[in-house]
1. Does any residue of region 164-183 turn out to be open to solvent by 40 Å² or more (accessible area, probe 1.4 Å), modelled with pLDDT of 95 or more and aromatic (Phe, Trp, Tyr)?
2. Restricting attention to strands (runs of 3 or more DSSP E) lying wholly within region 1-71, give those where 3 or more residues are free of Cβ contacts under 8 Å to residues at least 40 places away in the same chain.
3. Which residue out of Gly98, Gly87 is closer than 13 Å to Val23 by Cβ and either touching a Phe, Trp or Tyr at 6+ places or on another chain (Cβ under 6 Å) or not β-branched (Val, Ile, Thr) (or both)?
4. Would a scan of region 186-207 turn up a residue that is of a type in the set (Gly, Ala, Ser), assigned to a loop (DSSP other than H, G, I, E, B) and either at positive phi or in contact (Cβ under 8 Å) with a residue 40 or more places away in the chain (or both)?
5. If you go through region 135-145 one residue at a time, do you hit one that is in a helix (DSSP H, G or I) and either touching a strand residue (DSSP E or B) at 6+ places or on another chain (Cβ under 6 Å) or farther than 11 Å from Leu186 by Cβ (or both)?
6. With the checklist (1) within 30 Å of Leu73 (Cβ to Cβ); (2) touching a residue at least 12 places away in the same chain (Cβ under 8 Å) in hand, flag the one item Val157 doesn't pass.
7. Among (1) assigned to a helix (DSSP H, G or I); (2) open to solvent by less than 80 Å² (accessible area, probe 1.4 Å); (3) farther than 25 Å from Lys55 by Cα, where does Ala159 come up short?
8. Say we look at region 26-58 and pick out the residues that are of a type in the set (A, V, I, L, M) and over 22 Å from Asp82 (Cβ atoms); which of these is surrounded by the most Cβ atoms within 10 Å (Cβ to Cβ)?
Amino acid sequence: MAVKLPNGATVHIATALAAAKNVTAATNAAEAVLTSTAHGLVNGDFVLLKSGWGKLNERVFQVGGVATDTFKLVGIDTTNTDNFPAGSGGGTVQKITGWTNISQIIEFSTSGGEQQYVDFGFLEDDYEQQIPSTQSAMSISIKIADDPNLDGYKAAVKASDAGTQTPLKIVLKGGGQIVYNGYPSLNKTPETTRNQLMAVTLSYAVSGPVNRY
């Protein structure tokens with residue numbers, strides 16, 4: 001049993017990605033092995049993957065088991081060929097080469113991600129049943145003490161203005177990282193309440209499942 005406080009965690013937004021490299025093969029394995037010629041990766045790197053496997057597409061992963069022209073997706077089990085049809089996991093991979101710390105965060109909160117259900121019943125039934133369907137869309141709200149001169153603020157503005165998917169990472173104190181991919185949007189107008197810190201809010205629409213390392 002263990003409990004943790006979030007104190008000391010840092011949040012980082014991706015500010016540079018390497019050129020995309022082709023992924024020509026992906027194995028069905030307890031840890032998927034991807035083939036990409038001259039990928040330039042080292043163990044521990046984070047990558048943005050675009051894959052023919054929908055469950056992996058447009059998500060951020062940590063790589064390990066790096067060898068010449070191949071690497072593994074840490075902890076990603078693709079042995080189920082119903083979810084990961086053999087021979088169709090190709091695509092592209094981009095190494096995330098730059099992260100910028102978003103400092104002065106007051107609050108980091110999430111919403112959504114709940115399991116959704118379909119209710120149904122038959123004519124002869126006196127009760128209804130539920131079966132799981134999808135999970136609701138997840139979003140993040142990051143409240144930041146207002147200072148437009150900070151590097152993190154500037155990086156958030158640039159990503160927001162670009163209107164494209166941008167990876168996000170939380171580094172937990174004492175170890176552990178959580179990575180996301182999604183669409184950031186910064187409200188540049190600060191909250192102005194008497195005797196409270198002026199703050200802006202960075203909203204982040206998460207594109208799919210997150211990975212924790």
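1. For region 164-183, residues open to solvent by 40 Å² or more (accessible area, probe 1.4 Å), modelled with pLDDT of 95 or more and aromatic (Phe, Trp, Tyr): present.
2. Numbers: elements: 10-17, 21-23, 33-35, 46-51, 59-67.
Where strands (runs of 3 or more DSSP E) fall fully within region 1-71 and carry at least 3 residues being free of Cβ contacts under 8 Å to residues at least 40 places away in the same chain, they are 59-67.
3. Values: Gly98 fails: closer than 13 Å to Val23 by Cβ.
Answer to the selection: Gly87.
4. The first filter runs over region 186-207 and keeps only residues of a type in the set (Gly, Ala, Ser), leaving 199, 203, 205, 207.
Among the residues that remain, those that are also assigned to a loop (DSSP other than H, G, I, E, B) are: 207.
Now drop any that are not either at positive phi or in contact (Cβ under 8 Å) with a residue 40 or more places away in the chain (or both), which leaves 207.
Yes: region 186-207 contains one or more residues that are of a type in the set (Gly, Ala, Ser), assigned to a loop (DSSP other than H, G, I, E, B) and either at positive phi or in contact (Cβ under 8 Å) with a residue 40 or more places away in the chain (or both).
5. Filtering region 135-145 for residues in a helix (DSSP H, G or I) gives none.
No, every residue in region 135-145 fails to be in a helix (DSSP H, G or I) and either touching a strand residue (DSSP E or B) at 6+ places or on another chain (Cβ under 6 Å) or farther than 11 Å from Leu186 by Cβ (or both).
6. (1)
7. (3)
8. The qualifying residue surrounded by the most Cβ atoms within 10 Å (Cβ to Cβ) is Val47.
The values are calculated or read from the model by the stated rules, or taken from the named source; none is laboratory data. Note that this is a predicted model, so its numbers are computed, not measured. Heads up, the Cβs are rebuilt from the backbone with ideal geometry, glycines too, and the neighbour counts pull from every protein chain shown. Calculation scope for accessible area: heavy atoms of the full protein, side chains included, ligands and nucleic acids excluded. Shrake-Rupley method; radii C 1.70, N 1.55, O 1.52, S 1.80 Å.
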